[in-house]
Amino acid sequence: MRFEIGFFGHESVRALHTRTIEVTRARSLTPAGDCVLGVGASCACAGLPAALKARLRDARAVVDVEIAVGGLSFGLRGRGDPALALSDARDIVLRRSAFACPRTLAVACDAASDSVPREMVRALREPGARARLSIEVS
């Protein structure tokens, strides 16, 4: 099952966090949000389809995520977890740890925002740059 979420770049994207990646529906971003890759997301955890949420809550689920902007893309892999609430109406967070909260989409991810290539981070700093987060669960 595959699902895509559109979002936009922002001049304050820093992508320095070593444990998480975040995309938010919020329209603004401060430099303190050093895990955030984009704003104005078309969907947060609460808006994901029920069938996708069910698959994400399976401990055996493999979650492949691709982030794309312009002609650049970055992929990472995580896993599902029965503890995922997937109920936050504002954010999506991918975590290296096993911590689950309403904002968490996947745990045990093999990358965080500091892993995103710097060329891609520069592209995401362009205000209004159109980007995409694709989620595939198997």
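Does Ala15 satisfy the condition of being assigned to a loop (DSSP other than H, G, I, E, B), surrounded by 16 or more Cβ atoms within 10 Å (Cβ to Cβ) and on the phi > 0 side of the Ramachandran plot? Against the criterion (assigned to a loop (DSSP other than H, G, I, E, B), surrounded by 16 or more Cβ atoms within 10 Å (Cβ to Cβ) and on the phi > 0 side of the Ramachandran plot), Ala15 qualifies.
On inspection, Ala50 qualifies as over 15 Å from the mean Cα position of the chain (by Cα), exposed (fewer than 15 other Cβ atoms within 10 Å of the Cβ), free of Cβ contacts under 8 Å to residues at least 40 places away in the same chain and closer than 17 Å to Phe3 by Cα. Residue count for region 67-99, restricted to those that are among the polar types (S, T, N, Q) and in contact with a Lys or Arg (Cβ under 7 Å, 6 or more places away or on another chain): 1. Scan region 53-73 for residues that are within 25 Å of Gly9 (Cα to Cα), surrounded by fewer than 19 Cβ atoms within 10 Å (Cβ to Cβ) and not acidic (Asp, Glu) and the total you get is 5.
Pairs meeting the criteria (first residue in region 57-79 and outside any strand (DSSP E or B), second residue at pLDDT below 95, beta carbons under 9 Å, at least 6 apart or on different chains) are Gly70/Glu126. Do we find that Ala41 is assigned to a loop (DSSP other than H, G, I, E, B), aliphatic (A, V, I, L, M) and surrounded by fewer than 19 Cβ atoms within 10 Å (Cβ to Cβ) in this structure? No: the conditions fail for Ala41.
The values are calculated or read from the model by the stated rules, or taken from the named source; none is laboratory data. What you see is a predicted model; the values in this text were computed from it and never measured. Backbone-built Cβ (ideal geometry, glycine too); neighbour counts: all protein chains shown.
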